[in-house]
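Written below as structure tokens is the structure these notes are about.
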Amino acid sequence: MRYCCAVFCICLLLLTACQSVPVSRWELMRSGEQAVEAGEYEQAVGYYTQLIQNEPQTAEGYNGRGVARMRQNRYEEALEDLEQARKLDAENEVYCYNIGLCLYCMGDYEKAIESFSKALTLKPDYTDSLCQRGAAYAHLEKYDQAEADIRRAGELKPGISAKFWAALGAAYKENQALNRALSAYTEAILAEKDQPEWYIQRADVYMLQGDYEQARQDLVQAIGMQEGFLAGYELLGDLYYAQEEYEQAIRYYTVALLEQPDFMGYMNRGACYRMLGEYEAAEADYTSAILMDPSNAAAYDGRGQVREALRETEGAKKDYKRAKELLEKGE
């Protein structure tokens with residue numbers, strides 16, 4: 001009897017010991033990293049939180065959780081974690097970079113530049129910091145400094161700069177510096193010729209400048225590089241719409257919609273049908289747009305206009321009323 005009790009106690013102790021073995025910091029770090037890579041950000045936050053609870057002074061835990069929260073667009077919480085990571089390890093250039101990236105996403109470009117610069121002080125050849133600082137400079141309209149950073153990054157690591165030239169182009173376009181935007185997208189294309197997205201972006205700038213032929217050439221190039229490239233077909237539709245060539249625009253919007261139904265695709269094609277006086281087709285497209293996004297006032301307003309043209313008075317009144325309600329709600 002005593003022997004049985006002793007065996008039972010030993011087994012119980014072993015079982016308890018097995019249950020109480022803590023997960024190692026390396027397992028938690030690895031699990032967090034894998035969750036971030038898989039896009040499972042809330043799970044990643046859980047792993048890093050457990051790591052922080054086990055080791056409150058772990059900079060890696062705060063940095064990892066900050067990155068996961070940044071991917072969730074929870075920027076204020078992310079910034080708190082990232083700053084705590086830097087407080088625990090002030091000489092880590094990655095933590096400085098991540099703080100800069102978070103500030104950049106929050107639109108605080110001046111403070112972002114400070115953090116990217118700090119990262120570069122710690123590691124002068126940190127190309128990601130150079131490129132991201134360049135994009136931040138562009139948003140502040142400090143164009144010469146922006147381009148100097150991107151060029152320097154390209155010298156240090158050929159091939160890395162294409163996406164950042166494109167980001168620079170987007171910043172220039174946002175600031176209406178269209179000639180600079182064209183130059184930046186051209187640099188992106190020169191650095192990475194097989195990326196159709198850069199041609200799409202440059203075409204958009206050409207359209208804003210009214211250079212429809214150059215825009216068309218870029219769009220045809222992009223579509224030829226990637227079969228079924230919806231953005232190319234949609235933008236070609238926009239191009240012909242801008243030139244009031246509505247039938248041609250409808251053709252391209254239709255191709256894009258056959259590949260993938262899209263709210264703006266239905267709205268744009270509906271507008272073309274309305275301009276051509278094909279009100280029943282326009283009504284069908286606006287209805288499809290409403291089914292995809294019932295909270296969009298513009299879709300109701302568009303359908304109201306075509307119903308009015310079709311003399312569907314009651315339907316038009318209901319649509320105008322709904323559009324007004326949504327606008328008053330701010331939707």
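For segment 227-331, state the semi-axes of the equivalent ellipsoid (square roots of 5 times the eigenvalues of the alpha-carbon gyration tensor), sorted largest first and rounded to whole angstrom.
Semi-axes, largest first: 24, 16, 10 Å.
Quick one: if you stick a label point 7 Å off each Cα along the C-beta vector at GLU314 and ARG30, how many nm between them?
6.9
Considering only protein heavy atoms and a probe of 1.4 Å, how much of the accessible area of segment 233-331 is carbon and sulfur, as a whole percent?
47
Relative contact order (percent) for the chain, with alpha-carbon contacts under 8 angstrom and 6 or more residues of separation?
Averaging sequence separation for qualifying contacts and normalising by length gives 6 percent for the chain.
Scan the chain and note any complete DSSP helix (H) whose C-alpha atoms cover at least 15 Å along its axis and whose Kyte-Doolittle average is 1.0 or more.
For the chain, where a helix must reach 15 Å along its axis and average at least 1.0, the hits are 2-20.
In square nanometres, what is the average projected area of the Cα convex hull of segment 149-216?
Dividing the Cα hull surface by four gives the mean projection, 4.2 nm².
Taking the Cα centroid of segment 19-81 and of segment 236-305, what is the distance between the two, rounded to the nearest whole Å?
Computed from Cα coordinates, the inter-centre distance equals 45 Å.
About the Cα centre of segment 86-171, how large is the charge dipole given +1 on each Lys and Arg Cβ and -1 on each Asp and Glu Cβ? Please answer in debye to the nearest 20.
Using only the charged Cβ atoms, the result is roughly 120 debye.
With a 1.4 Å probe and every protein chain left in place, work out the accessible area per residue of segment 251-331 in Å², rounded to a whole number.
58
Could you tally the net charge around VAL45, taking each other residue with its Cβ under 12 Å from the Cβ of VAL45, Lys/Arg +1 and Asp/Glu -1?
Result for the neighbourhood of VAL45: 0.
Mind checking which aspartates and glutamates have their Cα closer than 16 Å to the Cα of LYS317? Skip sequence neighbours fewer than 8 apart in that chain.
Cross-link targets: GLU283, ASP301, GLU308, GLU325.
Which links in LYS118/LYS173; LYS111/LYS142; LYS157/LYS193; LYS173/LYS329; LYS142/LYS173; LYS87/LYS142 stretch past 22 Å when you go from one Cα to the other?
The answer is LYS118/LYS173; LYS173/LYS329; LYS87/LYS142.
State to the nearest 20 debye the size of the charge dipole of the chain about its Cα centre, where the only charges are +1 on K and R beta carbons and -1 on D and E beta carbons.
For the chain, the charge dipole is close to 840 debye.
Please work out the C-alpha center-to-center distance from segment 131-145 to segment 177-224 and express it in whole Å.
20
Could you check the simple spin-label distance between ARG71 and ALA90, using points 7 Å along Cα→Cβ, in nm with one decimal?
3.1
Filter the GluC sites (Glu not before Pro) in segment 203-276 to those in DSSP coil with at most 11 other Cβ atoms within 10 Å of their Cβ, and list the result.
Answer by residue number: GLU227, GLU244.
Among (i) 26.1; (ii) 18.5; (iii) 19.5, which one is mean projected area of the Cα convex hull in nm² computed from these coordinates?
Structure-derived value, by its label: (i).
May I ask you to list the aspartates and glutamates whose Cα is less than 18 Å away from that of LYS123, ignoring any residue fewer than eight positions away on the same chain?
The reachable aspartates and glutamates, counting only those whose Cα sits under 18 Å from LYS123, are ASP89, GLU91, GLU93, GLU114, ASP149, GLU155.
When the Kirkwood hydrodynamic radius is evaluated over all pairs of different C-alpha atoms of segment 176-261, what value in angstrom, to one decimal, is obtained?
For segment 176-261, inverting the mean 1/r across all distinct Cα pairs yields 12.9 Å.
Could you tell me which trypsin sites (Lys or Arg not before Pro) in segment 278-313 are loop residues by DSSP with no more than 10 other beta carbons within 10 angstrom of their beta carbon?
Of the trypsin sites (Lys or Arg not before Pro), the ones in loops of segment 278-313 whose Cβ has at most 10 other Cβ atoms within 10 Å are ARG311.
What's the ranking of 57-70, 284-297 by average number of surrounding C-beta atoms within 10 Å, highest first?
57-70, 284-297
The values are calculated or read from the model by the stated rules, or taken from the named source; none is laboratory data. If you're wondering where the values come from, they're calculated on a predicted model, not measured in any experiment. Glycine also receives a Cβ, built like all others from the backbone with ideal geometry; neighbour counts cover every protein chain displayed. Note: areas computed on protein heavy atoms with side chains; ligands, DNA, RNA excluded. Shrake-Rupley method; radii C 1.70, N 1.55, O 1.52, S 1.80 Å.
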